[in-house]
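Remarks on the structure that follows.
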């Protein structure tokens, strides 16, 4: 199950308040590099077709269905205004 820390949830809520809009946190896998996934984060006003929608720590997270299986166990946090992801399943080279 994906986790979002309270600090990250508060950060997302503050960003939405600053913009004067309610919305969602969208997380995508943008690449695979160096035995790790690289993620992108954005604010979204509505889900897209094929999104998995999860209510986590008081915010709604959107993930493309194709990426969902790689994100189920991640933990999202924020440090110094930057999203960071802890993924217990690194990529393995064969």
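Tabulated values for the structure
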quantity: q = 0.18, 0.22 Å⁻¹, segment 1-41: log10 I(q)/I(0) [Debye, one scatterer per Cα]; calculated: -0.65, -0.83
quantity: Rounded to 5, percent antiparallel among DSSP beta bridges of the chain; calculated: 80 percent
quantity: Principal axis dimensions, the chain - Cα atoms, whole angstrom, descending; calculated: 47, 32, 20
quantity: Helix axis angle, 6-19 relative to the chain longest principal axis, alpha carbon, degrees; calculated: 50 degrees
quantity: Expected 222 nm ellipticity per residue - DSSP helices of 4 or more, -39500 (n - 2.57), all of the chain, to 500; calculated: -6500 deg cm²/dmol
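Each reported figure results from applying straightforward, stated rules to the coordinates on display, with no laboratory input. In this text, all values refer to a predicted model and were calculated from it rather than measured experimentally.
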